[in-house]
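The values are calculated or read from the model by the stated rules, or taken from the named source; none is laboratory data. This one's a predicted model, so the numbers in the text were calculated from it and none came from an experiment. Heads up, the Cβs are rebuilt from the backbone with ideal geometry, glycines too, and the neighbour counts pull from every protein chain shown.
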Amino acid sequence: MEHATLSAPLPISENVTPASVEEVATCLLGAASTGTAVYPIGGGTSLDFGRLPSQLGMALQTTGLNRIVDYQPRDMTISVEAGFTLQALQQTLAEENQRLPWDVPFANRATIGGILATNHNGPRRYGDGTVRDDVIGIQAVDGQGNVFRGGGNVVKNVAGYDFCKLLTGSLGTLGIVTRVTLKLKPCPAAMALWTGSFATWDDLEQILAALVTSACRPSAVEVLAGPHEILNSAWPSAAPDALGWLLVALEGSEAEVDWMSQRLEQEWHAQPVRSVERIADDHANRVWQHLTESAAPQKTSLSLRINVVPSATIEILALLREIDPQAVLQAHAGNGIVLAHFSEDLAQDLPRLLVQRIHPSARKHRGHAMALSGPLLPELTRQAFFGPPPSTASLMAAVKKQFDPHHILNPGRAIFDLE
Amino acid sequence: MSSAVDYSLLEQLREIVGHDSVLSAHSELVVYECDGFVIEKNCPDVVVFPRTVQQVSEIVRLCNEHQVPFLPRGAGTSLAGGCLPVGGGVMIVLTRMREILEIDLRNRCAFVESGVVNLWLTKALKGTGFHYAPDPSSQGACTIGGNVATNSGGPHTLKYGVTVNHVLGVEAVLADGTIVEVGGPAEDPTGLDLVGALVGSEGTLAIVTKAWVRLTRDPEGVRTMLAVFDSADAATNAISQIIGAGIIPAALEMMDQGILIAVEQAFRFGFPLDAAAILLIEVDGLEAGLDESRDRIEAICHENEAREVRHAQDAKQRALLWKSRKQAFGAVGRLSPSYCTQDGVVPRTKLPHMLRRITEIGQAHEVRIVNVFHAGDGNLHPILLFDERDTEQIGRVLRASEEILDECLACGGSVTGEHGIGVEKIEFMSKMFTPSDLEAMARLRSAFNPENRLSPCKMLPTAGACGLEQVHPGRRAAL
Ligand SMILES: Cc1cc2nc3c(=O)[nH]c(=O)nc-3n(C[C@H](O)[C@H](O)[C@H](O)COP(=O)(O)OP(=O)(O)OC[C@H]3O[C@@H](n4cnc5c(N)ncnc54)[C@H](O)[C@@H]3O)c2cc1C
């Protein structure tokens, strides 16, 4: 087993890099017997996701698990070890004109296991669903060193409990994912990225509501507001009175994308969208990259994710803007997910604002808010971090106890982790 | 009546739901002795019909107090025996919780009680431009709660996904009677994906009382075609080639000669009786792309020596083609007095091999087998024909079924794509999963259902040792 060095915001005393599921099991069995905390680490891109743990422990790097186990292009499925990076996987798939419709920052480092554990979903979730929809089989090692699997290799399967779903988003607290089998999609032949600005939040809601019944079937409906770097530099056209920008991605065959482009332009003509423009293809890549990477931590006091019913997206955007006029805001607006990066001068006040305004507002709109990253994280109380616990918190804790009775997997990081 | 279900429990149940919502006479209970899986039967001791989540919760608490097993039931169309009340006890039937509470098109979701029939939701949405995508062939009868519990699929799940891809959240009663909201109308709730764990748990983790389901836009257009093949191999090769070409049809269904003949005798659609197989293929989406997809599919069918490809010219012809598919099961009655529908999955590219093996297995056991299935997902439904009155035949049918499912596993597939494990396939779980996998599943169940009083002896082979003294195996032992 190779021992690597790693700097991370986690309290780490030793590093291991197992190269097989058996080695992962051995590590966890050992850790369980000594009660050592284990922090699974993939590409190290989201280590500050979840609450910061205090217990000193072992970093278990999954990057040694980096093989493609089985790729069947004609069945459109692939089995891959958890430490494989998304970028490498996409390159392999592209050779067969296939893909995973996943948009993840630092794809060259982000591992499949890490993406699953954090349930990271980007703009294309609107048209293509989320990570969990693509996982058809999973293998993991629980907190006692038991290897277990769920699902299988086929796209339709209801045998047994669905560990593929349960482990997605579990933040490595139930088991360390070692291998996954994924359902693939064909690459679309064409894509168009359209943009337009809006002047008021009410205008934005009018446009978003219309997109729900648009003749087009967008694969992404995004909103940018606040001082995004990309808006200063190479933005297609200036609109001084813009409150923010909409971005709509259209994907499909050439004929479909052309038709949808025409229709969208017509529809937007009748709505309060300004500066409507199809972003030129060479530039579209850069903009798309921004939409993907903007989810990553920036120079900020705190990053936050808020999920509400889609129609309440503007309420959340307006509130955040009011709290911090300098906040960098992005919304997967079709899905009601808002990402906020607050400016540094707000640090003092944020913990209070979270508890008094942001969590209650998210709750009012049937959702939640959760802190993501930033220097302020360690100062947040559990309640400021996650908001009030859901009615299922003790059920989640009961599940956790069954899979990790010694409480060694990522202790202290998750909402249901009652310590 | 098992000893634990005494008069006082009955009286208390009546207090909760009212006299008209409790059945306890044997003549009434026999209706509930099985679901669509008729090989094993056992009467519940009591059947109750709650109307509210509070009533469900009180019933569950009462069952716990009296230490009797209980289980949920929807319409009872399950084909795997999920509704078999092993050990008797209290059956909680949710068909009186039948309100569509909210349809919110702006947020693309609906909030429904679990007894709402799948088709009612479809009808309520008609004309709105949206629909609820999972469309099991039983949609005229089965409930949304049952769909959630079994993670139902249907012909259109090839493109649109199965139930779990369309459930945002549920209200549920846990095994101890606690009422919880799991997930909800907003996406990505924090914490563990318990919605994902509940969907497909076959009523063993919680009783679902309401669900938030995702609504899907109606496609702008659709092209439906029927391709006729002289060999089953050619048809199955065409299937994986279509999907391999990057086209995801909305549906891709196959019928073999045996079922064609039955369908033709019953409905006279004008199918060629000497054809070895037909594929019913539907593409949907934007008009702008449909003709291109249709033409590519037609070309692939011809490359694979399709004898002819017919196109539905209008909505009426399309409806007729779908009728032939949806009523295929009904037509099987013409072929034989009894039949058993199997449910297995293989990777699509293994379909040619698998269909050949099914024929061989049928021949070896002298069982006639016909096929009508969700070919695009590799989800087979071989139908084994027999006469229930002949026990020797039943034995051969069971052995042939087992061999077919073993072959699915040997191909890297699954023993169930949509009907579930229930009691029917418990023995296969240890072929498909390791002891360690099954232990993990048992641990998940323990977290939700620690006393194992909620639908005991289902899904997991270890459930046999579920510690309930009053459990008796019904007619399981006879098989
Ligand atoms: C002719 C025919 C065609 C079919 N076609 C398909 C098909 O195309 N695709 C498919 O997937 N299935 C199909 N099925 C199987 C069946 O219809 C589905 O599994 C359906 O989802 C069951 O719904 P139900 O309301 O009848 O549930 P039931 O049969 O009443 O229950 C099924 C299981 O779910 C549990 N359950 C029921 N309600 C709840 C609840 N509210 N909370 C928790 N658990 C609950 C029960 O305990 C049981 O284990 C078909 C069945 C028939 C008879």
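Taking segment A:394-419 as the range and being at the interface with chain B (Cβ under 8 Å from one of its Cβ atoms) and in contact with a Gly (Cβ under 7 Å, 6 or more places away or on another chain) as the test, the residues that pass are A:MET396, A:PHE403, A:ALA414, A:ILE415, A:PHE416.
Provide a single number: the residues in segment A:226-277 that are more than 12 Å from chain B (Cβ to nearest Cβ), among the acidic types (Asp, Glu) and not in a loop (DSSP other than H, G, I, E, B). Residues flagged as more than 12 Å from chain B (Cβ to nearest Cβ), among the acidic types (Asp, Glu) and not in a loop (DSSP other than H, G, I, E, B) within segment A:226-277 amount to 4. Filtering segment B:218-225 for residues that are touching a residue at least 40 places away in the same chain (Cβ under 8 Å), more than 8 Å from the ligand (Cβ to nearest atom) and buried (at least 24 other Cβ atoms within 10 Å of the Cβ) leaves a non-empty set.
Would you pick out the residues in segment B:7-39 that are within 16 Å of the ligand (Cβ to nearest atom), within 24 Å of B:GLN67 (Cβ to Cβ) and outside any helix (DSSP H, G or I)? Correct list: B:LEU23, B:GLU33. Just so you know, in segment B:339-362 the residues that are closer than 11 Å to B:GLY412 by Cβ and not aliphatic (A, V, I, L, M) include one that is nearest to the chain's Cα centre (by Cα), and it is B:PRO347. So in segment B:379-420, with the set limited to residues that are part of a strand (DSSP E or B) and more than 14 Å from the ligand (Cβ to nearest atom), which one is nearest to the other protein chains (Cβ to nearest Cβ)? Applying the filter and picking the extreme gives B:PRO382. Counting the residues of segment A:30-89 that are within 17 Å of the chain's Cα centre (by Cα) and either in a strand (DSSP E or B) or among the β-branched types (Val, Ile, Thr) (or both) gives 3.
Here is a yes/no grid of residues against (1) farther than 30 Å from B:ALA175 by Cα; (2) not assigned by TED's automatic domain parsing to the domain that holds A:LEU171:
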site: A:ILE358; (1), (2): yes, yes
site: A:ALA369; (1), (2): no, yes
site: A:LEU377; (1), (2): yes, yes
site: A:ARG382; (1), (2): no, yes
site: A:ILE415; (1), (2): no, no
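Listed here are the strands (runs of 3 or more DSSP E) enclosed by segment B:49-125 that have at least 2 residues being closer than 29 Å to A:ALA312 by Cα, within 14 Å of chain A (Cβ to nearest Cβ) and more than 13 Å from the ligand (Cβ to nearest atom): B:100-104, B:109-113. For segment A:105-118, how many residues are part of a strand (DSSP E or B) and touching a Leu at 6+ places or on another chain (Cβ under 6 Å)? Total meeting the criteria: 0. The number of residues in segment A:395-415 being free of Cβ contacts under 8 Å to residues at least 24 places away in the same chain and of a type outside the set (A, V, I, L, M) comes to 2. Sort out which residues of segment B:421-444 are more than 7 Å from chain A (Cβ to nearest Cβ), among the small types (Gly, Ala, Ser) and touching a helix residue (DSSP H, G or I) at 6+ places or on another chain (Cβ under 8 Å), and write them in order of number. Answer for segment B:421-444, where residues must be more than 7 Å from chain A (Cβ to nearest Cβ), among the small types (Gly, Ala, Ser) and touching a helix residue (DSSP H, G or I) at 6+ places or on another chain (Cβ under 8 Å): B:SER430, B:ALA442.
Residues considered: B:GLY362, B:GLY376. Of these, the only one that is within 14 Å of another protein chain (Cβ to nearest Cβ) and assigned to a helix (DSSP H, G or I) is B:GLY376. Restricting attention to segment B:158-167 and to residues that are outside any helix (DSSP H, G or I) and surrounded by 23 or more Cβ atoms within 10 Å (Cβ to Cβ), the residue that is nearest to the ligand (Cβ to nearest atom) turns out to be B:VAL162.
Of the residues that sit in segment B:129-157 and are more than 12 Å from the ligand (Cβ to nearest atom) and not in a loop (DSSP other than H, G, I, E, B), which one is surrounded by the fewest Cβ atoms within 10 Å (Cβ to Cβ)?
First pass over segment B:129-157, keeping only residues more than 12 Å from the ligand (Cβ to nearest atom): B:129-133.
Within this subset, residues satisfying the condition of being not in a loop (DSSP other than H, G, I, E, B) are B:130-131.
Values: B:PHE130: 20, B:HIS131: 18.
Here the residue is B:HIS131.
The single condition from (1) within 12 Å of the ligand (Cβ to nearest atom); (2) at positive phi; (3) within 10 Å of chain A (Cβ to nearest Cβ) that B:GLY203 fails is (3).
Enumerate the pairs (first residue in segment B:284-296 and crowded, with 19+ Cβ neighbours inside 10 Å; second residue anywhere and part of a helix (DSSP H, G or I)) with beta-carbon separation below 6 Å, excluding pairs fewer than 6 apart on the same chain, so at least 6 apart or on different chains. As it stands, the answer is B:LEU286/A:GLU256; B:ALA288/A:ALA255; B:ALA288/A:GLU256; B:ALA288/A:TRP259; B:GLY289/A:ALA255; B:GLY289/A:GLU256, since those pairs meet every condition given. Taking segment B:328-366, which residues are of a type in the set (Val, Ile, Thr), more than 16 Å from the ligand (Cβ to nearest atom) and more than 22 Å from B:ILE239 (Cα to Cα)? If the condition is that a residue be of a type in the set (Val, Ile, Thr), more than 16 Å from the ligand (Cβ to nearest atom) and more than 22 Å from B:ILE239 (Cα to Cα), then B:ILE361 is the only one that fits. Here B:ALA319 clears all of (1) under 23 Å from B:ALA133 (Cα atoms); (2) surrounded by fewer than 19 Cβ atoms within 10 Å (Cβ to Cβ); (3) within 16 Å of the ligand (Cβ to nearest atom) except the condition numbered (3). The helices (runs of 4 or more DSSP H) found wholly in segment A:119-219 and carrying at least 2 residues that are more than 7 Å from chain B (Cβ to nearest Cβ), under 24 Å from A:ASN285 (Cβ atoms) and not hydrophobic (A, V, I, L, M, F, W, C) occupy A:125-128.
Pairs meeting the criteria (first residue in segment B:308-332 and more than 14 Å from B:PHE271 (Cβ to Cβ), second residue within 16 Å of the ligand (Cβ to nearest atom) and among the aliphatic types (A, V, I, L, M), beta carbons under 6 Å, at least 6 apart or on different chains) are B:VAL332/B:ALA262; B:VAL332/B:ILE383. Assess whether B:ASP343 counts as being among the acidic types (Asp, Glu) and touching a Gly at 6+ places or on another chain (Cβ under 6 Å). Criteria met by B:ASP343.
The C-beta contact set for segment B:143-157 (first residue in the same structural domain as B:GLY36 (by TED's automatic domain parsing) and farther than 16 Å from B:GLY76 by Cα, second residue within 6 Å of the ligand (Cβ to nearest atom) and assigned to a helix (DSSP H, G or I), distance under 7 angstrom, 6+ apart or interchain) is empty. Inspection of segment B:395-406 finds no residue satisfying the criterion of being more than 27 Å from B:GLN257 (Cβ to Cβ) and in contact with a helix residue (DSSP H, G or I) (Cβ under 7 Å, 6 or more places away or on another chain).
Assuming B:MET254 fulfils every condition listed in (1) in contact with a strand residue (DSSP E or B) (Cβ under 6 Å, 6 or more places away or on another chain); (2) modelled with pLDDT of 95 or more; (3) outside the structural domain of B:ARG310 (by TED's automatic domain parsing) apart from one, which condition is it? That leaves (3) as the condition not met. You will find that of A:ARG321, A:ARG382, the residue that is modelled with pLDDT under 95 and among the basic types (Lys, Arg) is A:ARG382 and no other.
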